[in-house]
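J.: Got a structure for you, questions after.
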Amino acid sequence: MEVRLAKTAGFCYGVKRAVELVYKAVDDAAESGAGKRDIYTYGPIVHNETVVDELKMRGVGVIEDREMLMDLLSSGKLADAVIIIRAHGAPREIFESIKRFAPKAEIIDATCPHVKRIHDIVTERHAMGDRIAICGDPDHPEVKGILGQINGDAEVFNDTDSAAAFELPEGERLTFVSQTTQSTAKFQDIVDILNKKSYYTNVIDTICNATQRRQSEAADLASKCDAMLVIGGRNSSNTRKLYDICLSECKRTYLIQSITDIKGTIDHSVRCVGITAGASTPRTIIEEVFKYVRDEF
């Protein structure tokens with residue numbers, strides 16, 4: 001059996017940087033003799049249970065949401081803590097609350113630079129009077145972080161129907177950006193709808209280049225294989241999109257988190273298996289899956 005691995009499978013730059021910052025914070029605390037200093041991430045640092053569980057074993061807590069953050073701040077438990085903002089970013093209010101109620105806490109901003117760029121764009125264009133629209137999932141932490149830069153004053157289009165129903169008052173300008181992990185096809189479909197409405201629309205493609213390459217490679221690989229394995233967390237937006245893209249090209253596409261999920265997905269009639277992985281998947285898991293498929297089938 002032939003096993004093919006996509007070139008850009010696994011951690012993207014932003015996720016790799018965020019995870020490394022967490023491990024550095026843990027090591028720095030231990031080396032300085034301040035090993036008991038509490039370290040938290042605001043939200044899971046990545047949408048990968050293996051990574052999050054490993055960090056928990058090293059004493060890194062997870063602040064799940066704003067409500068939990070405010071409870072911890074009011075109780076004083078974050079007074080001297082290290083709080084790391086994940087790669088998805090966070091609303092401006094989160095930073096302000098930490099600085100206000102725990103001024104001695106250390107904030108490490110691990111927001112992906114590509115996401116930071118979107119924050120800067122929407123903040124600037126909103127201040128200029130533009131209406132803001134975002135291609136993305138309104139429940140995704142990255143989109144919530146973008147919205148939180150402008151107090152939620154934006155439209156979010158998660159599909160073409162929501163874009164088609166949108167009406168912009170005459171004379172207003174629209175700036176349209178995208179969640180970094182969105183499908184390029186969906187983004188372009190919505191751009192086409194907005195263009196037909198004859199709005200003055202400033203379209204800024206903010207989909208990460210790594211996401212575009214990953215999706216393109218996955219589609220090409222899936223079209224040439226009998227079966228596809230997409231490795232990643234089930235809560236990972238970019239992993240689910242990879243799965244959908246591969247499924248459209250290869251009907252025997254399976255979403256797995258580790259080798260334990262492979263059982264029953266591949267049989268000896270398969271001649272070629274393709275493997276790709278979401279941006280939150282560690283290289284160690286990818287290599288483990290690749291070796292398992294190569295040696296067992």
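J.: Please count how many residues of the range 221-269 are within 24 Å of the chain's Cα centre (by Cα), among the small types (Gly, Ala, Ser) and assigned to a loop (DSSP other than H, G, I, E, B).
T.: 4
J.: Filter the range 245-297 down to the residues that are among the β-branched types (Val, Ile, Thr), out of contact with any helix residue (DSSP H, G or I) (no Cβ under 9 Å at 6 or more places or on another chain) and open to solvent by less than 50 Å² (accessible area, probe 1.4 Å), then identify the one that is farthest from Thr180 (Cα to Cα).
T.: Once the filter is applied, the top-ranked residue is Val270.
J.: Here is a further query. Specify which of the listed residues (Gly145, Gly89, Gly129) is out of contact with any Lys or Arg (no Cβ under 8 Å at 6 or more places or on another chain) and either at pLDDT 95 or above or open to solvent by less than 10 Å² (accessible area, probe 1.4 Å) (or both).
T.: Gly145
J.: Also, I was wondering about something else. Considering the range 167-179 alone, what residues qualify as being touching an Asp or Glu at 6+ places or on another chain (Cβ under 6 Å) and surrounded by fewer than 19 Cβ atoms within 10 Å (Cβ to Cβ)?
T.: Scanning the range 167-179 gives a single hit, Arg173.
J.: For the range 195-209, indicate whether the set of residues that are among the aliphatic types (A, V, I, L, M), within 25 Å of Ser248 (Cα to Cα), out of contact with any strand residue (DSSP E or B) (no Cβ under 8 Å at 6 or more places or on another chain) and in contact (Cβ under 8 Å) with a residue 12 or more places away in the chain is non-empty.
T.: No, the range 195-209 contains no residue that is among the aliphatic types (A, V, I, L, M), within 25 Å of Ser248 (Cα to Cα), out of contact with any strand residue (DSSP E or B) (no Cβ under 8 Å at 6 or more places or on another chain) and in contact (Cβ under 8 Å) with a residue 12 or more places away in the chain.
J.: Further question: Do you know which of the residues in the range 173-199 that are in a loop (DSSP other than H, G, I, E, B) and within 19 Å of Lys144 (Cα to Cα) is farthest from the chain's Cα centre (by Cα)?
T.: Taking the candidates together, the pick is Ser183.
J.: Hey, another quick one. Does the range 35-45 include one or more residues that are under 20 Å from Gly145 (Cα atoms), touching a Gly at 6+ places or on another chain (Cβ under 8 Å) and in a loop (DSSP other than H, G, I, E, B)?
T.: No, every residue in the range 35-45 fails to be under 20 Å from Gly145 (Cα atoms), touching a Gly at 6+ places or on another chain (Cβ under 8 Å) and in a loop (DSSP other than H, G, I, E, B).
J.: Here's something else I'd like to know. Given Ile107, Ile85, which one is among the β-branched types (Val, Ile, Thr) and closer than 14 Å to Pro141 by Cβ? Spell out the reasoning first.
T.: On the way: Ile107 fails: closer than 14 Å to Pro141 by Cβ.
After ruling out the rest, the residue left standing is Ile85.
J.: Take Asp205 and decide whether it is open to solvent by 60 Å² or more (accessible area, probe 1.4 Å) and assigned to a loop (DSSP other than H, G, I, E, B). Break it down into steps so the answer makes sense when it comes.
T.: On the way: open to solvent by 60 Å² or more (accessible area, probe 1.4 Å): yes; assigned to a loop (DSSP other than H, G, I, E, B): yes.
Yes, satisfied.
J.: Going residue by residue through the range 70-81, is there one that turns out to be in contact (Cβ under 8 Å) with a residue 40 or more places away in the chain, under 29 Å from Ile286 (Cβ atoms) and open to solvent by less than 30 Å² (accessible area, probe 1.4 Å)?
T.: The answer is no; no qualifying residue exists.
J.: Every residue in the range 3-29 that is open to solvent by 70 Å² or more (accessible area, probe 1.4 Å) and either at positive phi or assigned to a helix (DSSP H, G or I) (or both), please.
T.: Within the range 3-29, the subset open to solvent by 70 Å² or more (accessible area, probe 1.4 Å) is 4, 7, 13, 16, 20, 24.
Within the range 3-29, Tyr13, Lys16, Glu20, Lys24 meet the criteria.
J.: Of (1) open to solvent by 50 Å² or more (accessible area, probe 1.4 Å); (2) touching a residue at least 60 places away in the same chain (Cβ under 8 Å); (3) not in a loop (DSSP other than H, G, I, E, B); (4) not aromatic (Phe, Trp, Tyr), Ala218 satisfies all except one. Which?
T.: (1)
The values are calculated or read from the model by the stated rules, or taken from the named source; none is laboratory data. Remember, predicted model here, so these are calculated numbers, not experimental data. Cβ atoms come from the backbone with ideal geometry, glycine included; neighbour counts cover every protein chain shown. When the accessible area is computed, the model is the full protein with side chains, heavy atoms only, and any ligands, DNA or RNA have been set aside. Shrake-Rupley method; radii C 1.70, N 1.55, O 1.52, S 1.80 Å.
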